[in-house]
1. For a quick check: with amide H placed at 1.01 Å from N, whose amide H comes under 5 Å from TYR128's, ignoring anything fewer than 5 positions away on the same chain?
2. Given +1 on the Cβ of Lys and Arg, -1 on the Cβ of Asp and Glu, and no further charges, what dipole in debye does the chain carry about its Cα centre, rounded to the nearest 20?
3. For HIS122, HIS170, HIS145, which order do you get if you count the other beta carbons within 10 Å of each Cβ and list the fewest first?
4. What is the ratio of the Cα radius of gyration of the range 6-195 to 2.2 N^0.38 Å, where N is its residue count, to two decimals?
5. Run the quick spin-label model on LYS113 and VAL200: label points 7 Å from Cα toward the beta carbon, then report their separation in nm to one decimal.
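Read the figures in this text as sums done on the coordinates, not as results from a lab. Keep in mind that this is a model prediction, so the values were computed, not measured. Glycine also receives a Cβ, built like all others from the backbone with ideal geometry; neighbour counts cover every protein chain displayed.
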Amino acid sequence: MQLPTDDEIIKLHKRLAKDQKIFSDIYVHCQIVAEIADELIQKNNLNVNKALVHASALLHDVGGYTFDDIEDAFKNGDYITHAIRGYEILKEEGYDNAICEIVRNHVGVGVTKKNIIELKLHLPLEDYTPKTAEQELVMYADKFHSKSKQPVFNSPEWYKKNVVRFGSDHPKKFQALIDTYGVPDIMSLSKKYNQPIRGV
């Protein structure tokens with residue numbers, strides 16, 4: 001499996017970003033998710049492809065660069081398509097399919113066809129649930145940080161209440177992930193990045 005280096009990933013981010021602010025918002029978020037995933041791997045002594053998880057975490061939100069205004073995309077429900085957009089970008093760039101699939105399946109805690117129908121989500125009617133441990137790990141790590149106007153860490157309590165927007169079954173699915181992997185040390189990350197934690 002051919003995996004990109006960190007330098008190659010940064011260059012892709014910079015090439016896709018229309019300005020420094022959006023680069024910083026998305027790339028720093030991806031860095032944080034990579035750190036969280038690495039912590040979960042170490043804490044749980046997980047037998048996963050660490051290099052694949054790292055590279056995919058750093059790339060998982062490149063689809064966000066395709067929006068003229070991310071805040072507007074959040075408001076009108078289109079931002080959920082950033083995972084598919086990222087998948088398509090990485091496919092076109094020639095990235096390994098294992099990375100592309102992680103990017104494709106990281107929204108919510110695994111969006112199903114039933115979720116899409118139930119909530120009329122702006123997604124093609126397909127299944128977007130993780131199929132591998134690496135996919136699940138990046139998806140889960142991503143839930144603890146948000147790149148909104150004011151980047152913020154998410155407490156597990158806050159996210160569990162709000163994940164229902166992706167499906168009525170998602171709070172239960174999120175709790176199952178907490179039971180499996182535990183909760184990362186977002187307090188230390190909050191101090192490191194000087195960003196608040198919501199829901200505490």
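1. Hits under the 5 Å cutoff: VAL111, THR112, LYS113.
2. Taking the Cα centre of the chain as origin, the dipole is about 580 debye.
3. Numbers: HIS122 14, HIS170 21, HIS145 25.
Ranking HIS122, HIS170, HIS145 by Cβ neighbours within 10 Å, fewest first, gives HIS122, HIS170, HIS145.
4. Values: Rg = 15.3 Å, N = 190, 2.2 N^0.38 = 16.2 Å.
Here the Cα radius of gyration is 0.95 times the empirical estimate.
5. That separation, rounded to one decimal, is 4.1 nm.
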